[in-house]
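Engineer: Supplied in structure tokens, the structure appears directly below.
The values are calculated or read from the model by the stated rules, or taken from the named source; none is laboratory data. Only a predicted model underlies this, so the values are computations on that prediction, with no experimental measurement involved. Using ideal geometry, Cβ is built from the backbone for each residue, glycine included, and neighbour counts are taken over all protein chains shown. Surface areas here come from the heavy atoms of the whole protein model, side chains and all, with no ligands, DNA or RNA. Shrake-Rupley method; radii C 1.70, N 1.55, O 1.52, S 1.80 Å.
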Amino acid sequence: DEKMNVWVALLNLEHKFGTKASLGECVKKATAAAHPKRIHLHLAKIYEDAEETAEAAETYATAAKRFKTSKKVWSAYIRFELRGGDDAAARQLLQRSLQSLAKHKHVFVISKFAQDEFALGSMERGRTVFEGLLDSYPKRVDLWNVYIDKESKAGEFDSARALFSRLVTLKLSSKAIKGVFKKWLAFESVNGDAETTQQVKEKAKAYVQRLLETQ
């Protein structure tokens, strides 16, 4: 919002032109007047962008201690460690976050970790994390979609196709499966050819036929 934007602009100005003391004073005022969690995350990002790694790490650590029930804070902290190439530290933070967060927030943090592994760390580690999530939540189509999107963006089109193939065999509602086929056809229109598109259409026809036979 506008108020937050003003405070972020002031933080940037103090960081660039002020002193450590004046920046600290600005942070105090900002956290009192605006959303303190978001202020801490913005400050950490300012330090990151300036390649002031120690200050960024300290800010993230403070935020994780102060807002230990925030999934967004933990995810940002974990991403920071992955960006710095410290996968071991990122995994340790993931375990700490799961101890601090309510159970219903675990999927969000683990999914973000898997996505960040794809983008910043190791695709194989990212896949391992996604596969673990899908073992626990096999019918969470949203998780499958995120996984497929990550494979697609990485240019791993055969891996994405293999995930689509697995997904359409699950016992989901017909509406959900039809949505998957629609997404799959859209994927093939961009990344496939006439042959792969036809293969998906045939699979979709076979699915519809099975539905009709069971009615």
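Engineer: Give the range 116-133 a look and list any residue that's assigned to a helix (DSSP H, G or I) and out of contact with any helix residue (DSSP H, G or I) (no Cβ under 6 Å at 6 or more places or on another chain), or say none.
Structural biologist: Of everything in the range 116-133, those that are assigned to a helix (DSSP H, G or I) and out of contact with any helix residue (DSSP H, G or I) (no Cβ under 6 Å at 6 or more places or on another chain) turn out to be 119, 123, 124, 127, 128, 131, 132.
Engineer: Which one of 54, 61 is of a type in the set (A, V, I, L, M), without any contact (Cβ under 8 Å) to a residue 24 or more places away in the chain and open to solvent by 70 Å² or more (accessible area, probe 1.4 Å)?
Structural biologist: Just a single option satisfies the conditions, and that option is 54.
Engineer: Separate question: State all residues of the range 124-154 that are open to solvent by 40 Å² or more (accessible area, probe 1.4 Å) and over 28 Å from residue 174 (Cα atoms); if no residue qualifies, say none.
Structural biologist: Hits for the range 124-154 are 124, 125, 128, 154.
Engineer: Restricting attention to the range 42-51, report how many residues are under 22 Å from the mean Cα position of the chain (by Cα) and open to solvent by 40 Å² or more (accessible area, probe 1.4 Å).
Structural biologist: Residues in the range 42-51 being under 22 Å from the mean Cα position of the chain (by Cα) and open to solvent by 40 Å² or more (accessible area, probe 1.4 Å): 3 in total.
Engineer: Restricting to the range 82-110, count the residues that are touching a Ser or Thr at 6+ places or on another chain (Cβ under 9 Å) and small (Gly, Ala, Ser).
Structural biologist: The total comes to 4.
Engineer: Just for the range 172-215: of the residues that are farther than 29 Å from residue 124 by Cβ and not in a helix (DSSP H, G or I), which one is least open to solvent (accessible area, probe 1.4 Å)?
Structural biologist: 173
Engineer: Quick one: in the range 65-123, which of the residues that are among the polar types (S, T, N, Q) and open to solvent by 60 Å² or more (accessible area, probe 1.4 Å) is farthest from the chain's Cα centre (by Cα)?
Structural biologist: By that ranking, first place goes to 99.
Engineer: If I ask for residues that are of a type in the set (Lys, Arg) and within 20 Å of residue 58 (Cα to Cα), which ones from the range 1-44 would you list?
Structural biologist: Selection gives 16, 20, 28, 29, 37, 38.
Engineer: Quick one: in the range 15-38, of everything that is open to solvent by 40 Å² or more (accessible area, probe 1.4 Å) and not in a helix (DSSP H, G or I), which residue is nearest to residue 1 (Cα to Cα)?
Structural biologist: Filtering first and then ranking leaves 35.
Engineer: Quick one: in the range 160-215, of everything that is of a type in the set (Asp, Glu) and under 31 Å from the mean Cα position of the chain (by Cα), which residue is nearest to residue 147 (Cα to Cα)?
Structural biologist: 188
Engineer: Which of the residues belonging to the range 128-143 are within 13 Å of the chain's Cα centre (by Cα) and over 23 Å from residue 70 (Cα atoms)?
Structural biologist: none
Engineer: Name the residue, out of 112, 150, that is in a helix (DSSP H, G or I), of a type in the set (D, E, K, R), without any contact (Cβ under 8 Å) to a residue 60 or more places away in the chain and under 21 Å from residue 61 (Cβ atoms).
Structural biologist: 112 is the lone residue from the list that is in a helix (DSSP H, G or I), of a type in the set (D, E, K, R), without any contact (Cβ under 8 Å) to a residue 60 or more places away in the chain and under 21 Å from residue 61 (Cβ atoms).
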